[in-house]
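Peer 1: The structure is given below, and queries will be raised subsequently.
No value in this document is a laboratory result; all are computed from the given coordinates. Remember, predicted model here, so these are calculated numbers, not experimental data. Quick reminder, even Gly has a Cβ in these numbers, built from the backbone with ideal geometry, and neighbours come from all protein chains shown.
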Amino acid sequence: MLSMVAGTVAAWWTGRLSVFWRAQIVGWGLFFLVDFLNRLLTYHGVAVALGITLLITPCLVVLSAGMRTVYTSRAFDNRLTPHAVGLISVLSMGAAAITVAIVVAVRRAFGWEIPFWAPVEELVVPWIHYSLVLAGWSLCYFWIHAEMAEQAEHRHAVRAEAEALRLELEELRLQLDPHFLFNALNGVAEEIPEHPAAALAMLRNLTSYLRNSLDSINQPIVTVDTEVEGLSAYLGVQKARFGERLRTHIHVEHEAGARRIASFLLQPLIENAVKHGRREGGLDVHIDIHAKGDVLHVVIENTGALEQAPGSRRRRAGIGLENVRRRLDLHYPGRHEFTIGDSGNRVAARLTLEGEPCSGS
């Protein structure tokens with residue numbers, strides 16, 4: 001029974017009460033305790049102190065709610081200006097005067113006197129006290145309202161930024177799929193006349209790759225293991241095309257497999273390695289992924305060199321690498337490092353990814 005009552009009260013508190021009234025109840029509840037102790041010391045009687053406090057606190061709640069109605073009007077527009085400060089002072093003193101009048105009327109009706117206080121003190125001191133209380137309440141109201149407005153604006157900005165990020169990521173993702181499909185289907189067309197079996201194998205691997213792509217199209221963030229599955233399907237398409245001329249090796253550290261990574265982030269790097277790698281005597285492509293603390297390290301190596309042979313056509317910066325750089329900026333802002341270099345007859349693309357990727361959702 002107690003748990004049911006507690007659940008009902010909690011649902012009413014969070015579901016039906018606005019933030020303003022929740023703050024009212026908590027704030028004036030604390031004031032009730034302090035004011036009761038103050039009156040207990042003043043009147044030297046529990047019954048008198050409790051009776052006046054029980055009367056005055058609801059009055060202050062009603063008066064402050066009325067003041068809030070004024071603060072939300074056009075005269076204030078919920079902004080604290082010099083003109084508003086003057087109006088707050090007038091309203092606080094006026095509401096305090098009403099409160100004092102109620103207290104005096106009740107005290108005279110029941111014959112409650114304040115020991116050792118003169119008639120002027122009985123009027124002026126409570127009036128100053130309640131004026132300061134209501135003025136403080138007003139300043140707290142404007143401060144809390146400004147904080148809530150700032151938080152709401154921040155949440156709106158975050159949502160807008162996330163939506164812009166999501167749209168840009170979708171655009172970048174759509175750049176990759178047609179680019180890869182064009183290359184893959186072009187490879188199938190080249191193999192059909194002379195190697196129909198290889199073309200069929202390519203189509204099967206392409207189907208597997210596209211299935212993996214469609215499964216993750218609404219998932220901007222996947223695990224490393226899922227990303228590697230897509231890479232394996234892609235390499236299967238290319239191995240069906242090049243046969244023994246393409247040799248691949250994938251090593252994923254067990255701890256790194258469960259880490260989260262931006263989907264299709266590595267595929268353009270693999271495509272770049274296959275497309276531009278040196279295939280004389282066979283093309284070797286190595287993928288190594290391991291984790292160290294909060295940092296994910298990815299190394300993709302292939303046989304070849306960045307420098308072009310004399311007389312060869314100049315290599316242009318592909319859409320894939322630009323795509324990778326832009327997505328790194330979006331998913332890992334200020335938390336990534338991407339380099340491509342060669343040593344001997346091998347080219348290595350190295351990625352250092354720190355922390356969790358931004359999803360843009």
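Peer 1: Could you sort 243-251, 258-266 so that the peptide with the highest average Cβ count within 10 Å comes first and the rest follow in order?
Peer 2: 258-266, 243-251
Peer 1: Using amide H atoms built 1.01 Å from N in the peptide plane, name the residues 5+ places from LEU283, or on other chains, whose amide H lies under 5 Å from its own.
Peer 2: Hits under the 5 Å cutoff: LEU246, ARG247.
Peer 1: Order the peptides 221-231, 28-38 from the highest to the lowest mean number of other Cβ atoms within 10 Å of their residues.
Peer 2: In decreasing order of mean packing, 221-231, 28-38 become 221-231, 28-38.
Peer 1: Calculate one ³J(HN,Hα) per residue across the range 198-209 by plugging θ = phi - 60° into the Karplus curve 6.51 cos²θ - 1.76 cosθ + 1.60, and present them in order as whole Hz with x for glycine and proline.
Peer 2: 5, 5, 5, 5, 5, 5, 5, 5, 5, 4, 4, 5
Peer 1: Hey, how much of the P(r) for the range 15-81 falls beyond 21 Å, as a percent of Cα pairs?
Peer 2: On the way: 879 of 2211 pairs.
Tail of the P(r) past 21 Å holds 40 percent of the pairs.
Peer 1: Ranked highest first by average number of other Cβ atoms within 10 Å, how do 322-333, 113-124 line up?
Peer 2: 322-333, 113-124
Peer 1: Provide the per-residue ³J(HN,Hα) series for the range 58-68, in order, calculated from phi with Karplus coefficients 6.51, -1.76, 1.60 and θ = phi - 60°, each as a whole number of Hz, with x at glycine and proline positions.
Peer 2: Listing the rounded values in order: x, 4, 5, 4, 5, 5, 5, 5, x, 4, 4 Hz.
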